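Asker: Here it is, the structure, as structure tokens.
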Amino acid sequence: MEAEVDKLELMFQKADSDLDYIQYRLEYEIKTNHPDSAGEKNPGEILKELSAIKSRYQALCARFKPLSVEQKENKSRICAILSKTMTMVQELHKQTDLELTLLTEEEKAVTEQLRSYMPDL
């Protein structure tokens with residue numbers, strides 16, 4: 001049994017040594033065949049960093065999803081309030097028989113801008 005353990009241990013050591021050699025050869029090949037990328041990071045390291053960035057991105061998405069939902073709800077509330085306010089102003093104008101003045105260019109621009117942001121208006 002002890003001989004089998006020693007044999008297994010030697011196999012693991014050889015595998016570890018083989019992996020070190022393969023890594024060395026890959027780095028050597030990259031440096032010799034692509035000298036312009038010699039100062040760049042190891043592709044394996046880049047993949048690890050990419051994986052870390054992806055997980056951070058997913059965590060941020062999970063954190064900001066409720067904020068996005070709340071923002072949409074708030075926008076809908078604001079649109080509803082603004083729409084009611086505009087309707088009330090129009091009704092007041094009708095009830096008081098006040099003559100409506102034409103909108104200035106600036107007021108027209110703001111109205112159009114509001115409508116582009118809030119199509120519910």
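The values are calculated or read from the model by the stated rules, or taken from the named source; none is laboratory data. Note that the structure is a prediction, hence the values are computed from the model and not measured. All Cβ positions, glycine included, derive from the backbone under ideal geometry; neighbour counts span all protein chains shown. We work out accessible area using only protein heavy atoms, side chains counted, and drop any ligands, DNA or RNA first. Shrake-Rupley method; radii C 1.70, N 1.55, O 1.52, S 1.80 Å.
Asker: If we keep just the residues of segment 71-97 that are more than 26 Å from the chain's Cα centre (by Cα) and of a type in the set (S, T, N, Q), which is modelled with the lowest pLDDT?
Answerer: That would be Gln90.
Asker: Would you confirm whether any residue within segment 46-55 is closer than 30 Å to Arg115 by Cβ, open to solvent by 70 Å² or more (accessible area, probe 1.4 Å) and modelled with pLDDT under 85?
Answerer: No; the residues of segment 46-55 include none that is closer than 30 Å to Arg115 by Cβ, open to solvent by 70 Å² or more (accessible area, probe 1.4 Å) and modelled with pLDDT under 85.
Asker: Does Gln23 qualify as being modelled with pLDDT of 75 or more, more than 30 Å from Leu114 (Cα to Cα), more than 33 Å from the chain's Cα centre (by Cα) and open to solvent by 80 Å² or more (accessible area, probe 1.4 Å)?
Answerer: For Gln23, the condition - modelled with pLDDT of 75 or more, more than 30 Å from Leu114 (Cα to Cα), more than 33 Å from the chain's Cα centre (by Cα) and open to solvent by 80 Å² or more (accessible area, probe 1.4 Å) - is met.
Asker: Further, regarding this structure: Would you be able to tell me the number of residues in segment 95-111 that are assigned to a helix (DSSP H, G or I) and either surrounded by 10 or more Cβ atoms within 10 Å (Cβ to Cβ) or touching a residue at least 24 places away in the same chain (Cβ under 8 Å) (or both)?
Answerer: Count: 5.
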